[in-house]
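The structure under discussion appears below in the form of structure tokens.
What follows draws every value from the coordinates through simple rules; no lab data is involved. Quantities reported herein were computed from a predicted structural model and do not represent experimental measurements. As a convention, Cβ positions derive from the backbone with ideal geometry for all residues, glycine included, and neighbour counts pool all protein chains shown.
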Amino acid sequence: MGINRGGLYYKPRANNTKRIIKNHIAKVFEKIPIYGEKKVHQQLLEDGYKVSLNTVARYRQELGLKAVLAVKQVNTTILIKAHKKYSYKLRGLGINHANQVWSTDITYIKIAGGMVYMAVIIDWHSKAVLSHKISNTMDSQLVMSVLNNALEKHPHPEIFNTDQGSQYTSEAHTKRLKKLGITISMDGKGRATDNICIE
């Protein structure tokens, strides 16, 4: 009958696939603004998108998402001697399930005209971002807001790991954790590798 059988089958166009992947990359960045190319690539693979790391990097550049990259070049750890410091509990510990250890930190994000601070909490085992918030100030209110949000949305962790910054050694922060029976772990002074999961 003169019918082209090839026309009976839908073949997705490359442009459509590109648009779908770029939209998904944008959604990942919107949800987790601290993710770099490797973590975005990993997330896309987990979500079923077969795409290379180079493609993710190129699409991210086309989307203009470089501005949301977190860059920790300033010292966001302010120590207060009067605050109690807790020992590091993770050395030699086998971390093998979600909500066993949460890790947190403050970094900053360069934006047009300046920078903002972002506090984030990550599950050490799954590497999932559990809570994050951006603020113009780096204070205890910022970290408490992120902590409370994570505790409301997820099962409580067994251990909560931080650096020795005053925001995390404050009475409000440590009291909140201890009240819930969560073990507090703190990186050794000057040992960023202790919190390598989030650095």
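If you look at the Cα atoms of the stretch 101-195, you get an Rg and a Dmax of 12.9, 42 Å. Note on A128 and K153: their simple-model spin labels are 1.0 nm apart, each label 7 Å out from Cα toward Cβ. Modelled this way, with points 7 Å down the Cα-to-C-beta line, the labels at Q42 and S145 are 2.8 nm from one another. Stretched out straight at 0.36 nm per residue, the stretch from N54 to L180 would grow longer than its current Cα-Cα span by 41.0 nm. Quick check on my link table: of K39/K179; K39/K110; K133/K179; K27/K133; K39/K175, which ones sit more than 28 Å apart, alpha carbon to alpha carbon? Beyond 28 Å between Cα atoms: K39/K179; K39/K175.
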